[in-house]
1. As a footprinting exposure proxy, order 231, 209 by other Cβ within 10 Å, with the fewest listed first.
2. Among 214, 379, 71, which comes first, then next, by fewest other beta-carbon atoms within 10 Å?
3. Report, in cubic angstrom per residue, the convex hull volume of the C-alpha atoms of the stretch 311-372.
4. Where the centroid of each part is defined by its Cα atoms, how far is the stretch 403-450 from the stretch 323-377 in Å?
5. Mind putting a number on the dipole of the stretch 281-415 about its Cα centre? Charges go on the C-beta only, +1 for Lys and Arg and -1 for Asp and Glu, and I need it in Debye to the nearest 20.
6. Of the chymotrypsin sites (Phe, Trp or Tyr not before Pro) in the stretch 199-305, which ones lie in a loop per DSSP and count no more than 11 other C-beta atoms within 10 Å?
7. Which ³J(HN,Hα) values, rounded to whole Hz and listed in residue order, are derived for the stretch 138-153 from phi using the Karplus coefficients 6.51, -1.76 and 1.60 in 6.51 cos²θ - 1.76 cosθ + 1.60 with θ = phi - 60°, glycine and proline given as x?
8. If you find the alpha carbon centre of the stretch 63-126 and of the stretch 246-268, how far apart are they in angstrom?
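Where a number appears in this text, it was derived from the coordinates with a stated rule and is not lab data. Remember, predicted model here, so these are calculated numbers, not experimental data. Glycine gets a Cβ as well: all are built from the backbone with ideal geometry, and neighbour counts include every protein chain shown.
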Amino acid sequence: MAVNVISLNSNLTKYDLMFINNSIYLYIKVVIFITLGLSPFFCYGNNNRTPYQIVQNESDFLTNYSESYIKSVKAYKTGRELNNPIIELKSDETITVEFDDLSDESTSFDYTILHCTYDWKPSNVIFMDFSDGFEYNRVDKYTNSLGTSTSYIHYSLTLPNSNINLKISGNYILRIVDSYDHSKVVLQQRFMVVEPILAMDARVRQPVILDFLKTSQQLELEVNFSPLGNINPTTDIVTVVSQNNQLDNQVNVLKPQYISPKSIRYSAPDALIFDGCNEYRAFNLKSFYYQIPQIRRIENYGGEIHVNLTPDIDNHNQDYVENPDLNGKYIIKRDDSNDSNTEAEYAWVYFTLKTEELYNSDVYLYGEITGLKINPEYKLNFNHNANVYETRVPLKQGYYNYRYVVVDRQTGKINHSQLEGNHFATENSYQIFTYYKSPGIRYWRLVGMKGVSSRYSAN
């Protein structure tokens, strides 16, 4: 079995002298501030779009990303680990971004942010247009792991802060870069800032088209744009719909089906239909001292923890079973610790999927652990002797959701249901965002947001 090679044992001594040159760094920040705005980011858009644009090519937008030695990346509304990283403009709300550095190199990190369009392309606005403060700042909140066999440094960052004060709503990208080489991006994370101006009404129902009746879910929504005044709803507003925060099946609704003097409505019989797929699989890794049905074996080899999960089966021909999940998210947690961020252990986790070999396609793990995208580090390899797909990945103690997705080698298209099944009854969350740009404004404002669950709105 081909595996990703990453050492889980290291004697960490870095960062002891990280801020010895603070005075020099402060000077650099001042210089950066003085020279802000000399290199604006230009947006190159495609104006010839279909009314419903399904985003399937990850090159079309800025994705979540991290280097292989950066693990356990979490971004959420501060105080609510399972909430999406979305805050209200000019409020007391903040976003927390956390990650671990498992490398042996002595490195320090800076961070910066970019404003983006509704489809995650760089906006035509410079830093001073969307934020007060310094364009680059040091990530200065970090702690060494404590009492773990795998040494790591845990970083934490909160936005906005005293160095960055956001002035406009919209989509944002946080970039963590090497302090001494800002071209080296080690982590990239999306977040959003909303102005709650518009009211939205949404529900998930069973499709009326017979081909989708048992396998899919349909979203109906109405957006009241009257607070914006006299606008052109066909050109000034775009509504974006995501299922479980995924980007590979995200739909950019560019033209509504019905327009009234005060609202727009999306409810065509063949529009906004999503595969129901299946509930996410899950396992509990909060403790190494007891085994649960999802875990077959836990072993310690020379200080490295190895966790063999119970082999999974192909679910595509299985009946639907209600199994509450986190819709793909995970939680970092060690049961017998005071601070899981620095005391939780890393382990090699072995995944096995019993199914026939798929030709012309590859199988990947998928979920928040992969950045909600196809990540080469989480590809499974087919074992011809055992007739299974398998891989191992280093994961921090916690509770995890995951699923197996199939990727066509020629088209790159992701199929979530081929190995998981497809059911109307599946509980899925939907995220709805409405963006507004008037002719005199250079950027897309996020002016409305709503979340809805298929479990509690379907009829």
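1. Values: 231 15, 209 11.
Lowest count first: 209, 231.
2. 214, 379, 71
3. Details: hull volume 9.3 nm³, N = 62.
Considering the Cα atoms of the stretch 311-372, their hull volume per residue is 150 Å³.
4. What the calculation gives is 20 Å, centre to centre.
5. Working: 15 positive and 19 negative charges, 37 e Å.
It works out to roughly 180 debye.
6. The qualifying sites are 289, 290.
7. 7, 7, 10, 10, 8, 9, 5, 4, 10, x, 9, 6, 9, 7, 7, 10
8. Comparing the Cα centres of the stretch 63-126 and the stretch 246-268, I get a distance of 28 Å.
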